[in-house]
Every structure is written in C-alpha cells, then in structure tokens.
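Q: Dropping a structure here in structure tokens format, bear with me for questions.
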Amino acid sequence: MEGSLLYVSRRLASPADVQDIVSASRVRNARLQVTGALVACEDRFAQILEGPRPGVDALMDSISRDRRHADVDVLLYDDIERRRFPGWSLAYSGASVFVDGLIRALADRPSSEPDPHHLRRLINIMQEFARAVD
Ligand SMILES: Cc1cc2nc3c(=O)[nH]c(=O)nc-3n(C[C@H](O)[C@H](O)[C@H](O)COP(=O)(O)O)c2cc1C
C-alpha cells in the first residue's frame, strides 16, 4: 500500500530558491513515482508527498536536511487507497495570507495532535490549487 505524507515547515527560501526546488523536484519525484503538491507562503511551506513509501521516505530524508527551510513538522503519514495528486509530480502554488495563517495554526498547535479540521481544510485547499493550475 502507498503512503501519503503531509508536513509543514518554516520557509527560509527566496523566490528563486523555490523555483529551483520545484524544477528539481519534478524530475526526482517522477523518477521515484512520487506525486504531490507544495504550497509556498511568505514564511511557511506545506507539502504533500504520496507514493511508494521507500520513495517518500528517501525524499523526506533529503527534504528534512534542506537548509532552505526549518522546523519541518510531519503532521500525517497515512496509508492511502488512492492518490490525491495522481497527475502531478509536484503541483506548486504560491499562496495567500489565509493559507499562511492556517499553516501557522497547525505548526503552533497547543497539543502534539494537529487539529483535524485544520488538516482537512489545508488538504482541500492544496487540492483546489492543484486543480486551478491544471
Ligand atoms: C520545501 C522544500 C520542498 C522540497 N520538495 C522536494 C521534492 O518534492 N522533491 C525533491 O526531489 N526535492 C525536494 N526538495 C529539495 C530537497 O530538499 C533536496 O535538495 C533534493 O531532493 C536533492 O537531494 P539531495 O540533496 O539529498 O541530493 C525540497 C526542498 C524544500 C526546501
């Protein structure tokens, strides 16, 4: 069974860094048969990676060591029956102040468990963005 991972992090990347990340990611993700989406807000990232767990794990190993962000916080890593971003090696969107606030609420949550309503809302928004740039 495949896995789907969602993390949030604190962005340290410039706009040019983000472009480099997206173009390099599309090649490597396709090679690993991983699909997903990245949202880059002014000071936060959220990313979903889905596919065979060895591929997702290899990517997360690189991503968690990347100095272009900090405070990488994995909120979910579930088994999935069906991918949310089947056509996307990496759907990318710059995002709104609203999404920034939502990611911040998840990152700065009071307990170790993320609020399921916030999680659902973030995932839905990432899917909407992916459709919008289809
Ligand atoms: C927010 C963020 C998201 C990233 N997403 C991906 C990704 O989906 N796929 C990918 O190959 N690299 C991604 N990267 C880049 C990796 O961290 C890493 O630089 C790249 O995979 C090369 O891996 P290596 O340094 O282990 O050779 C991301 C980096 C950041 C900061």
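All of the numbers you see were taken from the coordinates with simple rules; none came from a lab. It should be emphasised that the depicted structure is a prediction, and the values quoted were computed from it without experimental measurement. Positions of Cβ are backbone-derived with ideal geometry, glycine not excepted, and every protein chain shown enters the neighbour counts.
Q: What order do you get for F98, F129 when you list them from fewest to most C-beta neighbours inside 10 Å? Could you put the intermediate results ahead of the total?
A: Details: F98 11, F129 20.
Taking fewest neighbouring Cβ atoms as first place, the list is F98, F129.
Q: While we're here: Take the Cα atoms of the chain, build their convex hull, and give its volume per residue in Å³.
A: 101
Q: Another question, if that's okay. Could you work out the relative contact order of the chain? I mean the mean sequence separation of Cα pairs under 8 Å and 6+ apart, divided by the number of residues, in percent. Provide the component values of the computation, followed by the final result.
A: Working: 217 pairs, mean separation 47.1, N = 134.
Normalised by residue count, the contact order of the chain is 35 percent.
Q: Now for a separate question. When each pair of different Cα atoms in region 44-115 is counted once in the 1/r mean, what is the Kirkwood radius in angstroms, to one decimal? Don't jump to the answer; show the numbers that get you there.
A: On the way: mean 1/r = 0.0714 Å⁻¹.
Mean inverse Cα-Cα distance, inverted, gives 14.0 Å.
Q: Relative contact order for region 65-131 using alpha-carbon pairs under 8 Å, separation at least 6, rounded to a whole percent? Provide the component values of the computation, followed by the final result.
A: Details: 21 pairs, mean separation 25.5, N = 67.
Relative contact order here is 38 percent.
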